[in-house]
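Undergrad: Mind looking over this structure? Questions follow.
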Amino acid sequence: MIGHLGGMSMSAPAEKAAAYLTRLEAERRAAIAASQAKAEEARLIEARQKGFEEALEILGLQISSDNTEAKTDKSSARRRRNIPQLIIRELSFSGTAMAKEQIARSIDYLPWQTERALRRLESSGKIMQNMDGRWEVVTSSVAQTNGHATTAAKLKSRSAAGAPE
């Protein structure tokens, strides 16, 4: 008997198969939703981690996370530093003019490359080299003794021309 198997009609196995496929589809969708939620959670954790690492970098601390996962070549490579920003920050924080070698040592950079960055910063008007050969940050205005303000560029051009300030 092909139509009946143990008193059941052919539609019963088809109904069971359809119900099973429906359950599998529901499980698949639940798994996708769970994996999307986990992926979002992982992105949020990664963002918090990056923010914390940037805060540590600002404070001058270098602590690596003990991450046992294999990292990709891109993430394991040292992140490129913004050398001009480091130079300006160092000169600003020190408050005094610094020699090229002092700056290179303080930002942990090669002296000849530091000098190149210093020259670029000088040409953009952000820093200047004084008569002693030391570098300092150019301030936007400097108060004169009579209360009037002049720009640092005017002061530099006057000192280069030998005019009194």
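Undergrad: Please report, ordered by residue number, the helices (runs of 4 or more DSSP H) entirely within region 14-131 with at least 1 residues that are modelled with pLDDT of 85 or more.
TA: 83-94, 100-107, 111-123
Undergrad: A follow-up question, please. Within the set of pairs 6+ apart or on separate chains, which have a first residue in region 94-112 that is under 18 Å from ARG80 (Cβ atoms), a second that is of a type outside the set (Phe, Trp, Tyr), and C-beta atoms under 6 Å apart?
TA: The qualifying pairs are ALA104/PRO111; ALA104/THR114; ILE107/LEU86; ILE107/GLU90.
The values are calculated or read from the model by the stated rules, or taken from the named source; none is laboratory data. Everything numeric here is computed off the predicted structure, so don't read it as measured data. Every residue, glycine among them, receives a Cβ derived from its backbone with ideal geometry; neighbour counts consider all protein chains shown.
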